[in-house]
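Before any comments, here is the structure.
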Amino acid sequence: MSADKTNNTNTSSQANTNAQWGGRFAGGPSDIMQAINASVSFDKALWKQDIEGSLAHAAMLAHTGIITREDEAAIRDGLAAIRGDIEAQRFDFSEALEDIHMNIEVRLSERIGEAGKRLHTARSRNDQVATDFRLWVRDAIDGLDQQVASLMRALATRAEAHAADPMPGFTHLQTAQPVTFGHHLMAYVEMLARDRGRLSDTRKRLNECPLGSAALAGTSFPIDRQMTARLLKFDRPTANSLDAVSDRDFALEYLSALSIMAMHLSRLAEEIVIWCSSPFSFIRLSDAFTTGSSIMPQKRNPDAAELIRAKTGRMTSSLVGLLTVMKGLPLAYAKDMQEDKEPVFAATDAAVLSLAACDGMIRDMTANTEKMRALAGSGFSTATDIADWLVRVLKVPFRTAHHITGRLVARAEAKNIGLSELSLAEMQEEEAGITDDIFSVLTVEASIASRTSEGGTAASNVSREAKKWLAALNRVSA
């Protein structure tokens, strides 16, 4: 988008003469200049928001007497016709007119004449694009919020069904302690809840209306910025015209929220890849979310999950790219800021697709609970339960209990057996006070059931949390 020069610019659709600038520029632009300057190839995505903002601006101009009611009615009808043309794919977007704003404005003037040329009174393309872009990001957040909620619902539903099904819990991707599959899935519900919170916070901060800031200094026309803010469902007008036209914090914050969410989705996708692999075989995905191999007929590749991991790069690079665009710009508008749209559009497309694929895989997957249960007790995963028993029953200091347990693990490891297969006598050689009661804590089920602390993996905790989240998510969507 170009910085706007004047209000009520005399425009025409004659592309070769760069006529939107009137008499100041007599010659046409070079092909290179036109190619680097034009943005309509991507900013046409803002057409709905541009029409919405123009309708509000025209209503305000008529309300304040800056234009007549007749002109407003003509503008409203003309914009409705343009909306119909774009929706029906009959609108010819002209690169020579640079951007979506000039494309719509020129077409409006062609349709309705002089009234169309009055629409740009008391605004600049600077505040126009700042408004359109905020509206677009706000709409995108609303759509993504619904997608994130749907994925959370899918995860919580599966978690409730598997609240008591054991699986190995890992640290360093090494077996650590038994948890439940439901507990593991609920961890991602919590991550996504924070993602929704970040998107919601971004929406609150961006919900101020730049329209009326004009090029950078405001306008001498008696406009009503409260009215345009209200019509466009903003909370308030922006407070400083310089900041309003040059601020892209809302886009950066949005990309930051998407980048963190992408990282969460990538972690989930990585787990799905691991769980699908033959050594694990914790879950199975259907043909809907896997592909085969060109030469190995037995293969079932979790390509959807792998591509979600890869798309994280698109979202994080979009954030870094826009930060780099904005880092050295003096106030107010500079043409550099035309580079703000494509990264936001690209990151949004990647986020929409990644969320849809994650949602689909979670609903599609079949859990191999027997395999998870068999591996939940591997790697001496109940060792901590021995240490806890020593502390709780024998009142042994925890660090001492840790050392005793370590020696018991070494004994079992040397014999290539599990901890529960050690004899009582062998255990008593390490700690004389150990009784038969210690074997009651060495099962996977007992270990899981004992983790009743708030946020722990006990099945009752998991079931309660899953129900709580499902109730909250269903309440919001109702």
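The values are calculated or read from the model by the stated rules, or taken from the named source; none is laboratory data. These numbers were taken from a predicted model, which means no experiment stands behind them. Reconstructed Cβ throughout: ideal geometry from the backbone, glycine too, with neighbour counts over all protein chains shown. The area values use the complete protein model at the heavy-atom level, side chains included, leaving out ligands, DNA and RNA. Shrake-Rupley method; radii C 1.70, N 1.55, O 1.52, S 1.80 Å.
If the only charges are +1 at each Lys and Arg Cβ and -1 at each Asp and Glu Cβ, what is the size of the charge dipole of the chain around the Cα centre, to the nearest 20 debye? Let's see the in-between values first.
Working: 53 positive and 61 negative charges, 97 e Å.
Roughly 460 debye for the chain.
State the Cα centre-to-centre distance between region 338-363 and region 310-336 in whole Å.
17
Measure off 7 Å from each Cα along the Cα-to-Cβ vector at Ser41 and Ser286, then give the distance between these two points in nanometres to one decimal.
Reported label-point gap for Ser41 and Ser286 is 4.1 nm.
So what is the orientation-averaged projected area of region 379-468, using the convex hull of its C-alpha atoms, in nm²?
Numbers: hull surface 24.4 nm².
It is 6.1 nm².
Give me, ordered by chain and number, the residues 5 or more places off Met167 or on other chains with an amide H under 5 Å from its own placed amide H.
Here the answer is Val179, Thr180, Phe181, since their amide H atoms fall under 5 Å of that of Met167.
Just subtract the alpha-carbon distance of Arg475 and Ala356 from 0.36 nm times their residue separation and send over the number in nm, one decimal.
40.7 nm
What number results when the radius of gyration of region 222-375, computed over Cα atoms, is divided by 2.2 N^0.38 Å? All intermediate terms of the calculation are to be shown ahead of the outcome.
Numbers: Rg = 22.0 Å, N = 154, 2.2 N^0.38 = 14.9 Å.
Against the empirical 2.2 N^0.38 Å value, I get 1.47 for region 222-375.
Taking 0.36 nm per residue of sequence separation and subtracting the Cα-Cα distance, how much length would be gained by fully extending the chain between Leu331 and Asp303, in nm to one decimal?
On the way: separation 28, 0.36 × 28 = 10.08 nm, distance 4.55 nm.
Residue separation times 0.36 nm, minus the Cα-Cα distance, leaves 5.5 nm.
Rounded to the nearest Å, what's the spacing between the alpha carbon centres of region 70-109 and region 420-478? Just the number, please.
What the calculation gives is 64 Å, centre to centre.
What's the carbon and sulfur percent of the chain's accessible surface, probe 1.4 angstrom, rounded to a whole number? Write out the running numbers ahead of the final one.
Values: 11360 of 21560 Å².
Using a 1.4 Å probe with all protein chains present, the chain comes out at 53 percent carbon and sulfur.
Using helices alone, I'd like the mean residue ellipticity at 222 nm for the chain: each DSSP H run of four-plus residues gives -39500 (n - 2.57), total over residue count, nearest 500.
Values: 19 runs with 287 residues, N = 478.
Only helices count here, giving -19500 deg cm²/dmol.
Please give the helix 398-415 orientation as an angle from the longest Cα principal axis of the chain, in degrees from 0 to 90, rounded to the nearest 10.
70
What's the angle, to the nearest 10 degrees (0 to 90), between helix 69-87's Cα axis and the longest principal axis of the chain?
It is inclined by approximately 50 degrees.
Angle between the Cα long axis of helix 383-394 and the longest principal axis of the chain, 0 to 90 degrees, nearest 10?
60
Going through region 200-279, which trypsin sites (Lys or Arg not before Pro) have at most 12 other Cβ atoms within 10 Å and a DSSP loop state?
Numbers: sites: Arg203, Lys204, Arg205, Arg225, Arg230, Lys233, Arg248, Arg267; in loops: Lys233, Arg248.
Counting only loop positions with at most 12 other Cβ atoms within 10 Å, the trypsin sites (Lys or Arg not before Pro) in region 200-279 are Lys233.
If you stretched the chain out fully between Ala310 and Glu339, how much longer would it get, using 0.36 nm times the residue separation minus the C-alpha to C-alpha distance? Mind dumping the intermediate values first?
On the way: separation 29, 0.36 × 29 = 10.44 nm, distance 2.30 nm.
Computed gain between Ala310 and Glu339 is 8.1 nm.
Could you give the accessible area per residue of the chain, probe 1.4 Å, as a whole number in Å²?
Details: 21560 Å² over 478 residues.
Spelled out: the 1.4 Å probe surface of the chain, per residue, equals 45 Å².
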